[in-house]
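The structure's right below; bear with me while I get my questions together.
Read-outs throughout are calculated quantities, based only on the coordinates presented, and are distinct from any laboratory measurement. Just so it is clear, the model here is predicted, and its values are computed rather than measured. Cβ sites come from the backbone with ideal geometry, for glycine too, and all protein chains shown count toward neighbours.
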Number of protein chains: 2
Amino acid sequence: MEKAQTLGVRAQQKEKTRRALINAAMNQLSAETGFSSLSLREVAREAGIAPTSFYRHFRNMDELGLTLVDECGLTLRQLLRQARQRIDKGGSIIRVSIETFMQFVADNTAIFRLLLQERTGRSREFRKAVERELEHFKAELIEYLRDEQGFSARLADLQSDAIVKIVFSAGADCFDVDDTQRLQIAEQTIQQVRLVARGAEATRRAKVE
Amino acid sequence: MEKAQTLGVRAQQKEKTRRALINAAMNQLSAETGFSSLSLREVAREAGIAPTSFYRHFRNMDELGLTLVDECGLTLRQLLRQARQRIDKGGSIIRVSIETFMQFVADNTAIFRLLLQERTGRSREFRKAVERELEHFKAELIEYLRDEQGFSARLADLQSDAIVKIVFSAGADCFDVDDTQRLQIAEQTIQQVRLVARGAEATRRAKVE
DNA sequence: GAATTCAGCGTACAGGTGTTAGCTGATCTT
DNA sequence: AAGATCAGCTAACACCTGTACGCTGAATTC
């Protein structure tokens with residue numbers, strides 16, 4: 001709002017319909033259709049503008065899609081960072097992080113599905129974008145494992161990679177599932193991550209001795 | 001061939017064009033397009049039949065897609081079973097299985113991508129089908145861990161689930177990658193699976209004492 | 001206050017889509 | 001040998017797609 005005032009009426013309105021387009025795309029994603037079978041015309045229709053006006057905001061649908069991927073990764077990372085600050089007041093970092101993650105998946109199923117789907121689909125550019133997001137998570141995890149837990153660089157990397165794979169994969173399991181089942185999946189994921197952590201711990205000990 | 005003789009000329013020819021349709025779909029999948037943006041007409045064209053003749057073989061494109069998913073899972077499982085028989089003559093089961101898996105991904109990128117993609121996409125029916133395939137792998141792994149390695153049911157389940165998640169996720173990392181990088185990924189995956197195994201081992205010991 | 005910018009619009013086009021209906025002729029059945 | 005079956009065909013349909021072109025009028029700039 002504050003920022004919008006300095007933006008001028010024109011730019012303000014433009015930003016508004018840009019958001020409308022993004023929201024429209026997300027809405028249509030929540031349905032059973034994947035992003036690739038989303039149509040420019042339908043998105044424009046739902047956003048309340050003429051099909052041709054779409055081009056005032058994005059060069060094509062792919063550009064919109066990449067924007068969605070970026071936004072999704074960003075909000076998820078912010079959420080997790082907040083969660084980690086919360087645990088400084090006590091609590092298991094594994095538990096809090098995973099529960100936060102699962103809550104995000106439940107709240108933003110459509111967009112998270114986009115993330116997972118485009119990881120393996122469509123253009124190389126899309127896959128790179130998603131991979132970049134996953135790398136962010138991995139990097140933050142590595143930092144934690146090395147600095148706070150004192151793991152070697154190699155072991156921290158190996159561990160982080162495995163954990164990211166497990167957690168995001170578990171996120172995919174939450175799609176056709178109700179709340180109680182989701183909690184079960186979260187619980188199972190927590191245990192699996194602890195399994196990895198324990199394995200890494202054992203490996204470190206074996207190397208030291 | 002032997003079976004085909006007893007099938008009659010008509011049914012034989014029908015099976016042939018059915019395969020042509022399946023192959024056509026796989027071919028078009030190898031390109032950058034996901035399954036959802038595959039068209040009945042184009043598939044029929046590549047298979048060398050009229051669009052309308054498609055319906056003599058599948059009720060719609062989804063039915064074709066489900067067939068593809070089933071076939072993919074089947075051949076992959078056969079491959080892994082063969083690999084496991086080979087290791088009875090010595091060799092690490094983890095290494096051989098994962099190397100076989102990675103080789104499959106390299107050889108059948110298109111269809112494996114379908115598997116991963118439809119896991120998170122399109123209709124619920126598709127997701128169920130893929131999930132069923134993943135369950136097959138998990139089940140075989142559980143059996144091995146419980147019977148051969150003596151893990152408890154719960155620990156075998158937890159472990160298998162984590163391993164399947166890691167391995168399939170690693171498969172997705174192989175898409176935009178050359179042979180040497182693929183070998184690196186395989187190596188890393190092997191180490192990660194060993195991490196999980198070591199963690200499970202440590203957990204078992206802790207419980208026993 | 002005049003000139004410029006530009007978000008959004010309407011029209012139009014060429015091409016693709018899934019699907020229906022009905023025909024043909026080879027294969028199978030009896 | 002006669003009749004039934006059925007894989008594959010052509011023609012046609014109603015509809016949706018992305019995008020090019022040029023206009024309008026309000027916001028912005030000078």
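Which of A:Y55, B:Y144 has the fewest other C-beta atoms within 10 Å, and how do the rest follow up to the most?
Going from sparsest to densest Cβ surroundings: A:Y55, B:Y144.
Once you charge only the Cβ atoms, +1 for Lys and Arg and -1 for Asp and Glu, what is the size of the charge dipole of the stretch B:60-208 about its Cα centre, to the nearest 20 debye?
700
What is the spin-label model distance, in nm, from A:S30 to A:E63 if the labels are put 7 Å beyond Cα along the C-beta direction?
Rounded to a tenth, the inter-label distance reads 2.7 nm.
Please give the length that would be gained between A:E46 and A:E125 if that part of the chain were fully extended, namely 0.36 nm times their separation in residues minus their C-alpha to C-alpha distance (nm, one decimal).
Fully extending the segment from A:E46 to A:E125 adds 25.8 nm.
Still on this structure: Can you give the charge dipole size of the stretch A:1-58 about its Cα centre, rounded to the nearest 20 debye, using +1 on the beta carbon of Lys and Arg and -1 on the beta carbon of Asp and Glu?
Using only the charged Cβ atoms, the result is roughly 300 debye.
Please report the equivalent ellipsoid semi-axes of the stretch B:1-58, computed as sqrt(5 x eigenvalue) of the Cα gyration tensor, largest first, in whole Å.
25, 12, 7
Average partner chain C-beta neighbours within 10 Å, per residue of A:117-126?
That average works out to 6.
For B:R122, list long-range residues whose amide hydrogen, built 1.01 Å from N in the peptide plane, is under 5 Å from its own amide hydrogen.
Sorted by chain and number, the residues that satisfy this are A:G34.
Nearest 10 degrees, 0 to 90: what angle lies between the long axis of helix A:61-87 and the longest principal axis of chain A (Cα atoms)?
Its long axis makes an angle of about 40 degrees.
Same structure again: Just to be sure I understand: with springs between alpha-carbon atoms less than 10 Å apart, which residue in A:K16, A:K138, A:K165 has the highest mean-square fluctuation in the Gaussian network model of chain A?
Comparing A:K16, A:K138, A:K165 in the GNM, the peak value goes to A:K16.
Among A:E148, A:E125, A:E187, which one shows the highest mean-square fluctuation when chain A is modelled as a Gaussian network with alpha-carbon springs under 10 Å?
Result: A:E148 has the largest fluctuation of those listed.
Beyond a 27 Å Cα-Cα separation, which of these cross-linked pairs lie in this structure: B:K16/B:K165; A:K128/B:K138; A:K128/A:K165?
Beyond 27 Å: B:K16/B:K165; A:K128/B:K138.
For the residues A:H136, B:H57, what sequence is obtained by ranking on other C-beta atoms within 10 Å, fewest first?
Taking fewest neighbouring Cβ atoms as first place, the list is A:H136, B:H57.
While we're on this one: Which one of A:F35, A:F151, A:F126 has the biggest mean-square fluctuation once chain A is modelled by GNM with Cα springs under 10 Å?
A:F151
Continuing with the same structure: Please get the size of the charge dipole for the protein assembly as shown, origin at its Cα centre, with Cβ charges of +1 on Lys and Arg and -1 on Asp and Glu, quoted in debye to the nearest 20.
So the magnitude is around 360 debye.
Mind checking the angle between helix A:8-30 and chain A's longest principal axis? C-alpha axes, 0 to 90 degrees, to the nearest 10.
Orientation of helix A:8-30: about 60 degrees from the principal axis.
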